[in-house]
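*Asks:* Below you'll find the structure I mean.
The values are calculated or read from the model by the stated rules, or taken from the named source; none is laboratory data. Predicted model, so just to flag it, every value in this text is computed and none were measured. In this analysis, Cβ positions are derived from the backbone assuming ideal geometry, glycine residues included, and neighbour counts consider all displayed protein chains. Side chains are part of the model used for accessible areas, which takes the heavy atoms of the whole protein and leaves out ligands, DNA and RNA. Shrake-Rupley method; radii C 1.70, N 1.55, O 1.52, S 1.80 Å.
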Amino acid sequence: MNRNIMTWNVRGAGRYGEHKLRILSECIEHYNPIIILLQDAGCEDDNVYIKTLLHKSYEVYDVVAGNTERYRLITAVKVPDISVMTNHGRIEYDSTYRNDPGARRPLLLDCLYNQVRFHLYNVYNITNQQKSKQEIIDLYTYVQHDGAANRIVAGDFNLTSTLLSLNIQGYETKRNNLDYVTSTFTLQNSHHILSPSDHEILICEVDFR
């Protein structure tokens, strides 16, 4: 069964907050994503994105990915379509730049959809091309040994290289500049949507079989 997943680095709320929330709502209405991954979404304590997603019948999980509240990850799953079996929260693992002040860690959920279980990673990678390559390699080295049969690893990779150029294999990929959806499931149609953020919204179909 094909369902949509959406990833977007929203760059906080700020000046274009209402416009971003309107676009988020329009994407939900039009594409009905069962998974929404937001990065850089923690610019205010009273988080407007979380409120919007809860209002739209999503179950919401969030963590601070790095060393500042700004680096918030929000993962929202459609209720009752997806069941979250385990919320692993922000995960820690060995990586080359783990102690770098710009390093950020993913949010991991263990999910079930249509009797298919999978690990869902929301990624907001370090901002530096040389470092980001190595951090992605280190992340997938960890992911490959996480015990899951199926995986979705998506978000803002801050990466201009391809996974294959980094010798990461076994994942289908849809990409919009620095933003990726990668999965052991088959990925099909993708949509790139302009936004007031400097990141476009990436939506693609996942075949959950």
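*Asks:* Which pairs do you get when a residue that is touching a residue at least 40 places away in the same chain (Cβ under 8 Å), found in the stretch 75-90, comes within reach of a residue that is outside any strand (DSSP E or B) and of a type in the set (Gly, Ala, Ser), reach meaning Cβ atoms under 9 angstrom, with the pair 6+ apart or on two chains?
*Replies:* 78/57
*Asks:* Would you check which residues across the stretch 1-60 are among the small types (Gly, Ala, Ser), in a loop (DSSP other than H, G, I, E, B) and exposed (fewer than 14 other Cβ atoms within 10 Å of the Cβ) and list them?
*Replies:* 57
*Asks:* Please specify each residue of the stretch 88-114 satisfying the condition of being open to solvent by 60 Å² or more (accessible area, probe 1.4 Å), assigned to a loop (DSSP other than H, G, I, E, B) and closer than 20 Å to residue 61 by Cα.
*Replies:* If the condition is that a residue be open to solvent by 60 Å² or more (accessible area, probe 1.4 Å), assigned to a loop (DSSP other than H, G, I, E, B) and closer than 20 Å to residue 61 by Cα, then 92 is the only one that fits.
*Asks:* So which residues in the stretch 68-87 are under 16 Å from residue 41 (Cβ atoms), surrounded by fewer than 16 Cβ atoms within 10 Å (Cβ to Cβ) and not basic (Lys, Arg)?
*Replies:* Once the filter is applied, which keeps residues that are under 16 Å from residue 41 (Cβ atoms), surrounded by fewer than 16 Cβ atoms within 10 Å (Cβ to Cβ) and not basic (Lys, Arg), the stretch 68-87 yields 68, 69.
*Asks:* Here's a check for you: in the stretch 162-176, which residue that is over 19 Å from residue 206 (Cβ atoms) and aliphatic (A, V, I, L, M) is most open to solvent (accessible area, probe 1.4 Å)?
*Replies:* So the residue we want is 164.
*Asks:* Related question: Output the residue which, of all residues in the stretch 175-204 that are hydroxyl-bearing (Ser, Thr, Tyr) and part of a loop (DSSP other than H, G, I, E, B), is farthest from residue 7 (Cα to Cα).
*Replies:* 184
*Asks:* Next up: Inside the stretch 136-154, can you point out the residues that are open to solvent by less than 80 Å² (accessible area, probe 1.4 Å), in a loop (DSSP other than H, G, I, E, B) and hydrophobic (A, V, I, L, M, F, W, C)?
*Replies:* Answer for the stretch 136-154, where residues must be open to solvent by less than 80 Å² (accessible area, probe 1.4 Å), in a loop (DSSP other than H, G, I, E, B) and hydrophobic (A, V, I, L, M, F, W, C): just 148.
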